[in-house]
Amino acid sequence: MSNLNSIAMCTRLRDLAPSLILSVALAGVLGSTQAQTPSNAEQIKRGAYLATAADCAACHTVPKTGQPFAGGYGIDSPLGTIYSSNITPSKNGGIGAYTEAQFERALREGIRADGAHLYPAMPYTSYAKLSDDDVQALYTYFMQGVPAVDGIAQKTALPFPFNLRFTMAGWNLLFLDHSRFKPEPAQSAAWNRGAYLVGALEHCSACHTPRNVLMAEQEGSPFAGGQLGAWYAPNLTSDPVSGLGGWSEPEIVQYLRTGQLAGRAQAAGPMAEAVQDSLQFLTDDDLKAIATYLKTVPAIHLANETQAPYTFGAAANDEVLLRGTAPISDSTIPLNPAELFSANCASCHQSKGLGTQDQYYPSLAHNTALGHANPSNLVAVILHGVNRTVDGHTVFMPGFGADSLVTSLSDDEIAALSNYTLQRFGNPAAHVSTADVAMVRDGGPQPLLGRVSAWLRRIADFW
Amino acid sequence: MSENRSADIVVIGSGVAGALVASELAQAGASVLMLEAGPRLERWRIVENYRNLANKDDNQRPYPASTLAPHPEYGPDNNYLVLKGPDASSYSSQYLRVVGGTTWHWAASAWRYLPNDFRMQSVYGVGRDWAIAYDDLEPYYYRAEVELGVSGPNDGTDLGSPRKQAYPMDHLPLSYIDQRFSDVLNVNGYKLVSEPVARNSRPYDTRPTCCGNNNCMPICPIAAMYSGIVHVAKAERAGTQLIANAVVYRLEVDAHDKIVAALYFDANGNSQRVTGQYFVLAANALESVKILLMSSTDKWKNGLANSSDQVGRNLMDHPGTGVTFLANESLWPGRGPMEMTSIVDHRDGPFRRDWAAKKLHLNNQVQTRHATIKALAMGLTGPKLDQEIRYRSAHTVNINSFHDILPDPENRMRLSDQKDALGLPRPEITYQIGDYTKRSAVHTRESYGQIAALFGGTEISFDDHFAPNNHLMGSVIMGRDPRDSVVDHECRTHDHDNLFLATSGVMASASSVNCTLTIAALSLHIADTLKHALGKSA
């Protein structure tokens, strides 16, 4: 189970299968068209849109080299690598032999045609909310709109106890809600559409809701923010400090469409993938609907946050103090963190840290990556960089991790750099230790289940 | 390091040549040991050294020379190179002995040679022919462009070197001054082209796009520009064992003329010995010669690989001249990388029988520093000083050139009587630039004057002194005949069949363009030869 949980976290953005929510929302918005029988071509087109909104390709297509939906993409988790399956209509390798009922069961309940349980890397707890119409459109699309690719994708072989897929039945009993999305009659069509998109298709809660010890989403804290491996998926509630209360609906829409909002936030890591692979392709109406809904999510305030994360920071001016004092050196030890900042960051983010005029290189002040009480994203960005392509334009920042071809910084250096930038441009109460950097480098905090599983494996080996 | 003192391949030198060979062989599964005389330097440290440096034009100073493995320093001059001959100062070269090598600082110009550059004697009756033809090297040129990440004009511009594939990246948009030069010169009988460069015009190989810091020399702060350190990292991640501060002072040869070991002084000055199946000497054109000459034995009295007596001879570079003037319009040099365009009318043609080919290039370096020095020298103060600095920064134009030079056995490097800290001899260089090059420089000066006139130039200042351009070639020259050359078409020494030389020293003609891409192509060729020899070909 810990496998499942960790996997779900690691892969959430990749294979947000849950087009379900979208379809429910569609049901609300498109009420008038619901009664008509759509043509096959329309169904395929709608299914394709739903599959994009659910970002099925994020997990079921190997990035860059893979054939669409042919699976075989390996998703690392603390429990082992989970390989996505071939969901093309091939009868020998894919799901070509699935009936619509079998397809629906896999999508909503995480159970394959052969009865085996899927790991919740597949976000079926979100897709359970999908409308019948949307499930049907997705089925039509995957059967008729996707080229069949023969060949069974590599099979997942997790170690004990996570190889026991039947254990998922118990987990599902506890955490799988079988109910469909139910529109709120008191709310607008846009609100209902947004609720459906957020809850079912885009499966936002998969990352943005904290997980319990069994790696299921915590019931009492929807969208309060969660840790996704190395990355922190922030609070999306309407709280003005911890959440999106201070964001206008157009700002939310711009961020979701482009991954960038000057003076606020830039999408990196899994959120960059969600924008790149899914959100940028949503219609304006759907993005507005998401914003409308998010603005009403009940506020949850995080006690350690007293100021909105995007309000911290100001221009730094340490460059003038640095120059003319240090001799030419071959030392590998920095004199001070300002030196690390100047050499590694300021060439793009500029010596004052406010970025370039066009904000292609964004300001570090007024930037959520440095403003949250949880500084994981700052450390993760330094280690892994940013790589986001939206509308044909790529935003790229190199990482400074062990595999960097620019510069590999040590844990000590990244901690020093993080604390310097937090003090100058971000939340001065946040602090990063060398051990924190090592943990983020290692994939982030290990969930309890993952730690317990190591014990279980030892016991199993003993037996 | 004591646990692994032997390897399939021992590479001496960790610049672009050695690192490419090591990276390729390690990735193919060979065991590789790489010895580098200099220390490791962090990119961020080099950037800080540059920013703390008063003289921004001193490309060597941000790389402090190690005590045990000095390299040339000129501010102040450490007299590491012992220079002699009529044109001694024209060989006051810059190179780095650090992990990653001299491509830490270069303009990243990644030209291919022309087909005729490989057959100067056959076609023009001057110089020498290589033992390899352009067509043989073409696939390796392309692989080198992919490895280094070359952006170039994919718009159909003919640079004279036939290519089968497009450049891995399109070229960067031209800076304002480069665009103006292109507009004006190309309608006035000149051919000005966008240079192919190992610089990212988009994210490539996990390195970012150039953002125009305009200090490619002495250091690209963001690694948008390729440096040998990229393949050092790749080599190490593929399992290569790199030993820094390992100053190789001797190669051991057995009775069958095979190289069996490399001896080096470690960081404590203690002698160490490593053995290997194949040895790749990639310590640049001068330091490689030094090692070969220092390795002399009773049988190899003139040094290893030197039965031809050509080791250390035929030194070449690209003697450069320049011009600076004030244009009658604002051109704003300094936006983007330091060099983007070249004038290529005289890279090839029948004239090469009589005078040297050349390439002229526009300097896009920001001119504020020189403008300020000049304005201060004029005695200006206050608003007039500001005004003058602004005017000169916007209007100053500087053009430089590379001239071809013929291989001349009398232009040579020997071991000096003067020693370094380890007691090893310094390189002693004798250099003279012949009439072949000088005749071309006269013609270049006329072109400078014509170009200045096209921009209404004033304060035209010609720099006729031949400047060194640090393209060290010819010292271990390639040829088909073992009696007058050092290596064959595979860069394998004629005298020792397990010794390869991966250095611009093998190049048998200088041509008129930067030699790095050709070094990289030859190094990949060596890597293929070695993979085949070890049975590790894919």
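The set of residues in the stretch B:237-256 that are away from chain A (no Cβ under 14 Å) and more than 27 Å from B:Ala28 (Cβ to Cβ) comprises B:Val247, B:Tyr249, B:Arg250, B:Ala255. Here is a list: B:Leu41, B:Leu68, B:Leu96, B:Leu35. Which entry is surrounded by fewer than 22 Cβ atoms within 10 Å (Cβ to Cβ), in contact with a Phe, Trp or Tyr (Cβ under 7 Å, 6 or more places away or on another chain) and of a type in the set (A, V, I, L, M)? Result: B:Leu68 is the single residue among B:Leu41, B:Leu68, B:Leu96, B:Leu35 that is surrounded by fewer than 22 Cβ atoms within 10 Å (Cβ to Cβ), in contact with a Phe, Trp or Tyr (Cβ under 7 Å, 6 or more places away or on another chain) and of a type in the set (A, V, I, L, M). Within the stretch A:387-404, the residues that satisfy the criterion of being at the interface with another protein chain (Cβ under 10 Å from one of its Cβ atoms) and surrounded by 21 or more Cβ atoms within 10 Å (Cβ to Cβ) are A:Val395, A:Met397, A:Pro398, A:Gly399, A:Phe400.
Any residue at all in the stretch B:226-236 that's away from chain A (no Cβ under 14 Å), touching a residue at least 12 places away in the same chain (Cβ under 8 Å) and under 27 Å from the mean Cα position of the chain (by Cα)?
Start the filter on the stretch B:226-236 by keeping residues that are away from chain A (no Cβ under 14 Å), which leaves none.
Taking every residue of the stretch B:226-236 in turn, none turns out to be away from chain A (no Cβ under 14 Å), touching a residue at least 12 places away in the same chain (Cβ under 8 Å) and under 27 Å from the mean Cα position of the chain (by Cα).
Give the number of residues within the stretch B:38-57 that are within 14 Å of another protein chain (Cβ to nearest Cβ) and either of a type in the set (D, E, K, R) or assigned to a loop (DSSP other than H, G, I, E, B) (or both).
Pass one, the stretch B:38-57, residues within 14 Å of another protein chain (Cβ to nearest Cβ): B:38-56.
Checking the rest, the ones that are also either of a type in the set (D, E, K, R) or assigned to a loop (DSSP other than H, G, I, E, B) (or both) come to B:38-43, B:45, B:48, B:51, B:53-56.
Number satisfying all stated conditions: 13.
Of the residues making up the stretch A:408-430, those that are over 24 Å from the mean Cα position of the chain (by Cα) and not in a helix (DSSP H, G or I) are A:Ser408, A:Leu409, A:Ser410, A:Pro428, A:Ala429.
Suppose the filter is touching a residue at least 12 places away in the same chain (Cβ under 8 Å) and farther than 19 Å from B:Glu236 by Cβ; does B:Ala88 pass it? Let's see the steps before the verdict.
Details: touching a residue at least 12 places away in the same chain (Cβ under 8 Å): yes; farther than 19 Å from B:Glu236 by Cβ: yes.
Yes; evaluated as a whole, the condition is true for this residue.
Scanning the stretch B:278-325 for residues that are aliphatic (A, V, I, L, M), assigned to a strand (DSSP E or B) and over 30 Å from B:Glu446 (Cα atoms) turns up B:Val280, B:Leu281.
Checking each residue in the stretch A:311-327 for being within 14 Å of chain B (Cβ to nearest Cβ), exposed (fewer than 15 other Cβ atoms within 10 Å of the Cβ) and aliphatic (A, V, I, L, M) picks out A:Val320, A:Leu321.
The residues in the stretch B:131-151 that are touching a helix residue (DSSP H, G or I) at 6+ places or on another chain (Cβ under 8 Å) and under 19 Å from B:Arg202 (Cα atoms) can be counted, and the count is 6.
Pairing residues of the stretch A:341-361 that are more than 8 Å from chain B (Cβ to nearest Cβ) with residues that are of a type in the set (S, T, N, Q) and buried (at least 20 other Cβ atoms within 10 Å of the Cβ), at Cβ distances under 6 Å and at least 6 apart in sequence or on separate chains, gives A:Leu354/A:Ser363; A:Gly355/A:Ser363. B:Arg347 passes every criterion in (1) surrounded by 23 or more Cβ atoms within 10 Å (Cβ to Cβ); (2) assigned to a strand (DSSP E or B) apart from (2).
Those helices (runs of 4 or more DSSP H) of the stretch A:269-361 in which 3 or more residues are small (Gly, Ala, Ser) occupy A:269-277, A:337-344.
Can you tell which of A:Tyr98, A:Tyr141 is within 25 Å of A:Ala48 (Cα to Cα), over 25 Å from the mean Cα position of the chain (by Cα) and either modelled with pLDDT under 90 or not β-branched (Val, Ile, Thr) (or both)?
Numbers: A:Tyr141 fails: over 25 Å from the mean Cα position of the chain (by Cα).
The match here is A:Tyr98.
Among the candidates B:Ala107, B:Ala69, B:Ala65, the residue that is modelled with pLDDT under 95, within 14 Å of another protein chain (Cβ to nearest Cβ) and not in a helix (DSSP H, G or I) is uniquely B:Ala65. The sole residue among B:Ala261, B:Ala305, B:Ala244, B:Ala283 that is small (Gly, Ala, Ser), more than 28 Å from A:Leu340 (Cα to Cα), in contact with a Lys or Arg (Cβ under 7 Å, 6 or more places away or on another chain) and at pLDDT 95 or above is B:Ala261.
Considering only residues of the stretch B:200-247 that are charged (D, E, K, R) and at negative phi, which is surrounded by the fewest Cβ atoms within 10 Å (Cβ to Cβ)? Give the derivation first.
Residues of the stretch B:200-247 that are charged (D, E, K, R), as a first pass: B:202, B:205, B:207, B:234, B:236-237.
Those still in the list that are at negative phi too: B:202, B:207, B:234, B:236-237.
On the way: B:Arg202: 16, B:Arg207: 23, B:Lys234: 21, B:Glu236: 19, B:Arg237: 14.
Top of the filtered list is B:Arg237.
For the stretch B:18-26, check the following and say yes or no: at least one residue is part of a loop (DSSP other than H, G, I, E, B) and of a type outside the set (Phe, Trp, Tyr).
Keep residues of the stretch B:18-26 that are part of a loop (DSSP other than H, G, I, E, B), which gives none.
So far as the stretch B:18-26 goes, no, none of its residues is part of a loop (DSSP other than H, G, I, E, B) and of a type outside the set (Phe, Trp, Tyr).
The values are calculated or read from the model by the stated rules, or taken from the named source; none is laboratory data. Everything numeric in this text was worked out from a predicted model, so none of it was measured. Glycine gets a Cβ as well: all are built from the backbone with ideal geometry, and neighbour counts include every protein chain shown.
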